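To keep things clear, I will list the structure first and then write my remarks on it.
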Amino acid sequence: MDTFDFLTGNIDLILKLTVEHLSLVAVAVGLATLTGVPIGIAITQNERVARVVLYLASIIITIPSIALFGIMIPILSTIGQGIGYLPAVIAVLLYSQLPIIRNTYTAINNVNPALREAARGIGMNPVQRLRMVEIPLAIPVIMAGVRTAVVMNIGVMAIAAYIGAGGLGVLISRGITQSDPRQLIAGAIAVSILAVIADYGLLWLQKRLTPKGISA
Amino acid sequence: MIRIDNLTKIFETPNGPVTAADHINMEVPEGEICVLLGPSGCGKTTTLKMINRIIPSTSGRIYINGEDTTGMDTVELRRNIGYVIQQIGLFPNMTIEENIAIVPKLLGWEASRYKARAKELLDLVALDPGTFLKRYPRELSGGQQQRIGVARALAADPPVMLMDEPFGAIDPINREVIQDEFMKMQQELRKTIMFVSHDIDEAVKMADRIAIFRDGRLVQYDTPDDLLAHPKDDFVESFVGDDRALKRLRLVQVKQVMEPVTTVRPEDSLSTALQRIEQQGYSHAILMVNERQQPIGYVSRSVAQTTSGLCGEHYFGLKTEASPEDDLRKVASLMFTHDTTWLPCTDANGTLVGQVTQRGITHYLGATYHPDALGTLPRQLHKVSA
Ligand SMILES: Nc1ncnc2c1ncn2[C@@H]1O[C@H](COP(=O)(O)OP(=O)(O)OP(=O)(O)O)[C@@H](O)[C@H]1O
Ligand SMILES: [Mg+2]
């Protein structure tokens, strides 16, 4: 009941933190998509490079977020950004690489070879093949990677409150330091709900972006 | 015209080199269909795909309309060659209209023009544009998809077409239908076509020339009729089948074996009929026609021998007749069905133009006809029946 009172009493604060949280994740995953999709496409050209890139991306994802922030503080301090917005975005960007690169790589690689041959045979150049055939067919799987990245990183971003990045993690960290379970639980609930809503929102987007001829 | 000069492909595999095409030399004249035929793994697909450079050749040259393709830009080359792949390969993210119009679009046609073209091609492959233009490939049956694959390859009106078992995925009945439609189309379009098949019947039906492959080598390159009449070696002979004489029936039209025929009229007497039967050496009967030279029946020899009166009073009705354009397979089938050894031949007006006999057919198939034999054949046949 206390938690409920806290939630209703501080709705403005919670909304503000939610928006902050979401925009951090959106910016970071947005950037990660802009880098990860081209990387995923590029590595389909060379299996050895692909193995190395995917291996690196999976190592990054195993680094605990607290440790990653710790590593970045001295590095980014040299430009005066050791804590706050920038390291949080960089961390999420790095964590997002694996799901996005791997899904893009798999999806492009799994395009039916017959379609690729047909596209070559009718005289499409490699860029036309990507734009008109391979990427449209890969969209559902690429979008599934983006969704994974978003949901996973909504959780990661909660910890970024410790380095002063803001977001819903503020409630959780305050709840712990002030031994205030109301704030702690309110923060946790808000993060979970945000993750679920983001996932459904992206699922809707995925369906919108999937070409009509291949949607289920 | 496609000319292939010493074309060779050696695949380097972990188990050593595999020669998929071994110094192939052949030429497909403009407007003709050449069918590449042979057992699995003999190099048909490899040879075909070297022409549009989906597979790079190891050595040798390919000329299209006299021009060496070696130095040509790959994309440019492919846009001038219609390509129908074995697995159909329609783009599932595009509508049928978009699939058909893709090459014109790549060539920079205006939207109104390529849309009109898509419609025109759907008509050509006998699918209703109203129903199909806006559908997606998965909403079509296998046979319909295969037609769209052919339409897509035809879209920019390329002079040359490569087709890898384009009708392979279709059941036998629909395959015949599509083959017939395709042949009708080809009669208008006159493309130079290379066509892979492993079905000898399909090859015999569609080809102007058949190329038989074995282990990467071209063993025989001939017209269907020459191939069936003179298989070069045991391999070709067994490949074309024990029934090769029957297969040839479909290649020969009635008019090629048609013989002149003597008739009677209803008002002639039976003794006249008997006289003509003996004169002509007909064994069983003589045909009776009306005043417009339309066959109406026959008078049998035994009746003419034993009865007196007019032909018009003692004749039997006709079971069936043939047209000069029918192929001999149909005629042979009619003969078996109606238990007869000859059929009158009539033109579109029903006017008698000749007859076709079992002996005539047998002679034609038995004759080993080199060019000079062709000229003597009708006379030979005439002697047989006279
Ligand atoms: N990419 C490749 N690498 C190595 N060997 C290959 C490759 N492609 C084809 N071959 C080999 O080359 C030979 C000819 O193959 P090809 O595909 O041309 O046969 P085909 O006549 O089309 O047979 P099918 O009727 O089964 O389609 C086969 O022995 C095949 O195993
Ligand atoms: Mg093949």
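The values are calculated or read from the model by the stated rules, or taken from the named source; none is laboratory data. Keep in mind that this is a model prediction, so the values were computed, not measured. Quick reminder, even Gly has a Cβ in these numbers, built from the backbone with ideal geometry, and neighbours come from all protein chains shown.
Residues of segment B:179-198 that are crowded, with 20+ Cβ neighbours inside 10 Å and touching a Phe, Trp or Tyr at 6+ places or on another chain (Cβ under 7 Å): none at all. Please verify whether segment A:134-149 includes one or more residues that are closer than 19 Å to A:I63 by Cα and more than 14 Å from chain B (Cβ to nearest Cβ). Yes: segment A:134-149 contains one or more residues that are closer than 19 Å to A:I63 by Cα and more than 14 Å from chain B (Cβ to nearest Cβ).
Among the residues making up segment A:1-54, those that are surrounded by fewer than 16 Cβ atoms within 10 Å (Cβ to Cβ) and of a type in the set (D, E, K, R) are A:D2, A:D5, A:D12, A:K16, A:E47, A:R48, A:R51. The residue that is surrounded by the fewest Cβ atoms within 10 Å (Cβ to Cβ), counting only those in segment B:228-284 that are over 19 Å from B:D327 (Cα atoms) and among the aliphatic types (A, V, I, L, M), is B:L274. All told, B:I54 meets the bar of being under 30 Å from B:K115 (Cα atoms), facing chain A (nearest Cβ under 8 Å), in contact with a helix residue (DSSP H, G or I) (Cβ under 8 Å, 6 or more places away or on another chain) and in a loop (DSSP other than H, G, I, E, B).
Using the structure shown, decide if B:I55 is surrounded by 19 or more Cβ atoms within 10 Å (Cβ to Cβ) and β-branched (V, I, T). Walk me through how you get there before you give the answer.
Numbers: surrounded by 19 or more Cβ atoms within 10 Å (Cβ to Cβ): no; β-branched (V, I, T): yes.
Judged against the criteria, B:I55 is not a match.
Please work out if B:I88 is in the same structural domain as B:F239 (by TED's automatic domain parsing), in a loop (DSSP other than H, G, I, E, B) and closer than 22 Å to B:G143 by Cβ. Spelling it out, B:I88 is indeed in the same structural domain as B:F239 (by TED's automatic domain parsing), in a loop (DSSP other than H, G, I, E, B) and closer than 22 Å to B:G143 by Cβ.
Could you pull out every one of the helices (runs of 4 or more DSSP H) wholly within segment B:220-333 that has 1 or more residues that are touching a residue at least 24 places away in the same chain (Cβ under 8 Å), more than 30 Å from B:E202 (Cβ to Cβ) and touching a helix residue (DSSP H, G or I) at 6+ places or on another chain (Cβ under 7 Å)? Give the steps one after another, and end with the answer.
Working: elements: B:224-229, B:234-240, B:244-249, B:254-257, B:270-280, B:301-306.
Output list reads B:270-280, B:301-306.
Quickly run through segment B:148-169 and pick out the residues that are farther than 20 Å from B:R190 by Cβ and more than 16 Å from ligand 2 (Cβ to nearest atom). Scanning segment B:148-169 gives a single hit, B:I148. Residues of segment B:181-210 that are among the small types (G, A, S) and either more than 16 Å from ligand 2 (Cβ to nearest atom) or not in a helix (DSSP H, G or I) (or both): B:S197, B:A207. Screening B:E32 with (1) within 16 Å of ligand 2 (Cβ to nearest atom); (2) within 18 Å of B:G82 (Cβ to Cβ) gives one miss only, at (1).
For B:T13, indicate whether it is within 12 Å of ligand 1 (Cβ to nearest atom) and within 14 Å of chain A (Cβ to nearest Cβ). Spelling it out, it is not the case that B:T13 is within 12 Å of ligand 1 (Cβ to nearest atom) and within 14 Å of chain A (Cβ to nearest Cβ). Candidates are the residues of segment B:57-85 that are assigned to a loop (DSSP other than H, G, I, E, B) and within 12 Å of chain A (Cβ to nearest Cβ); the one that is nearest to ligand 1 (Cβ to nearest atom) is B:I85.
Grab the helices (runs of 4 or more DSSP H) fully contained in segment B:94-142, keeping just those with 2 or more residues being under 21 Å from A:L137 (Cβ atoms) and either more than 10 Å from chain A (Cβ to nearest Cβ) or not small (G, A, S) (or both). Passing ranges, in order: B:96-106.
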